[in-house]
1. For the stretch 61-134, compute Rh as the Kirkwood radius over C-alpha pairs and then the Stokes-Einstein diffusion coefficient at 20 °C and 1.002 mPa s; write the answer in µm²/s, rounded to an integer.
2. Using R₀ = 35 Å, calculate the FRET efficiency as 1/(1 + (r/R₀)^6) where r is the Cβ-Cβ separation of A109 and E39; round to 0.05.
3. Determine the calculated [θ] at 222 nm for the chain from helices alone, applying -39500 (n - 2.57) to every DSSP H run no shorter than 4 residues and normalising by the residue count; nearest 500 deg cm²/dmol.
4. Of the heavy-atom accessible surface of the stretch 61-107 (probe 1.4 angstrom), what whole percent is carbon and sulfur?
5. Nearest 10 degrees, 0 to 90: what angle lies between the long axis of helix 126-136 and the longest principal axis of the chain (Cα atoms)?
6. In nm, what is the difference between 0.36 nm times the number of residues separating L63 and E100 and their Cα-Cα distance?
7. Distances longer than 28 Å among the Cα atoms of the chain: what percent of all pairs is that?
8. At 0.36 nm per residue, and after removing the present C-alpha to C-alpha distance, how many nm does the segment from V70 to Q133 gain when stretched out fully?
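The values are calculated or read from the model by the stated rules, or taken from the named source; none is laboratory data. What you see is a predicted model, and the numbers here were worked out from it, not measured in a lab. Reconstructed Cβ throughout: ideal geometry from the backbone, glycine too, with neighbour counts over all protein chains shown. Heavy atoms of the whole protein, side chains included, go into the accessibility calculation; ligands, DNA and RNA do not. Shrake-Rupley method; radii C 1.70, N 1.55, O 1.52, S 1.80 Å.
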Amino acid sequence: RSVHLDRQPRQMPDLEHAVQRKLSALPDLGERVARALVERGTRPAGDGVVFSHDPRLTGRSLLRLTEPQVLEMLRAITAPTLIVTASEGLQYPEDAADPEARLSAMRDAQVVHVEGHHHVHATNPERLVEHIQQFLAGGAA
């Protein structure tokens, strides 16, 4: 999907409209989380507000790494890493490289699967707490 970097962000009259727009795009967020994201992710503009994220974050990167480059970068990670996936989270594209090969390239990675969507850390943090505590204590998450 292409990103128009010169396009001005859509202005909304106030935070309430921005919250409703966020909820229409991500209804599972719930009012509390949507409001927190909007308060943190908007800025005043004219007589209203606009989302303040960089539009380049929603498009494809201009830097295209080869799969061997990606695997080499993953092999270079030396810190223990906890990877959390959500049952309804972002899906790995069908035409993408093998996620298992990428995972096995990492020296010390643990993967946990939790019920929820991309923002499960905000909507249901209790689903993550035990895994994170175990990971930080040095045990299996």
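1. 154 µm²/s
2. 0.55
3. That comes out to -10000 deg cm²/dmol.
4. Solvent-exposed carbon and sulfur of the stretch 61-107 make up 60 percent of the total.
5. 40 degrees
6. Fully extending the segment from L63 to E100 adds 11.0 nm.
7. Roughly 37 percent, once rounded to a whole number.
8. Fully extending the segment from V70 to Q133 adds 19.8 nm.
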